[in-house]
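Asks: Sending over a structure as structure tokens; questions will come in a sec.
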Amino acid sequence: MVSMNTNQIEALIGLTATFGILVLLILPSVFGLVRERRIDRQIREAQEARESEPAQKSSSRSTVPSTATWYAEGRRSKKLVNS
């Protein structure tokens, strides 16, 4: 049977605590890398799908202005009125 003295038990606890802290510090980076690889794969798949589909006519796109365009147009017209 293997018996450990107090110094060996304290060293084991310290080593375990150090390893646990190291894992806690590295884990977010690993999750971030996995997430970025997944996003890169999705972007790559979307680009490949876009390249493989036939060219669309420009008339099939929506002609409704974006919110930013609508806001900018409103700001311009107010400046003209106030001038």
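Asks: Inspect all residues belonging to the range 21-43 and state whether any of them is polar (S, T, N, Q), open to solvent by less than 100 Å² (accessible area, probe 1.4 Å), modelled with pLDDT of 80 or more and outside any loop (DSSP other than H, G, I, E, B).
Replies: The answer is yes; a qualifying residue exists.
Asks: For P65, work out the one condition from (1) under 32 Å from the mean Cα position of the chain (by Cα); (2) surrounded by 10 or more Cβ atoms within 10 Å (Cβ to Cβ); (3) modelled with pLDDT of 95 or more it doesn't fulfil.
Replies: The number of the failed condition is (3).
The values are calculated or read from the model by the stated rules, or taken from the named source; none is laboratory data. Note that this is a predicted model, so its numbers are computed, not measured. Methodologically, a virtual Cβ is constructed for each residue, glycine included, from the backbone with ideal geometry; neighbour enumeration extends over all protein chains shown. Protein only, heavy atoms only, side chains kept; ligands, DNA and RNA dropped before computing areas. Shrake-Rupley method; radii C 1.70, N 1.55, O 1.52, S 1.80 Å.
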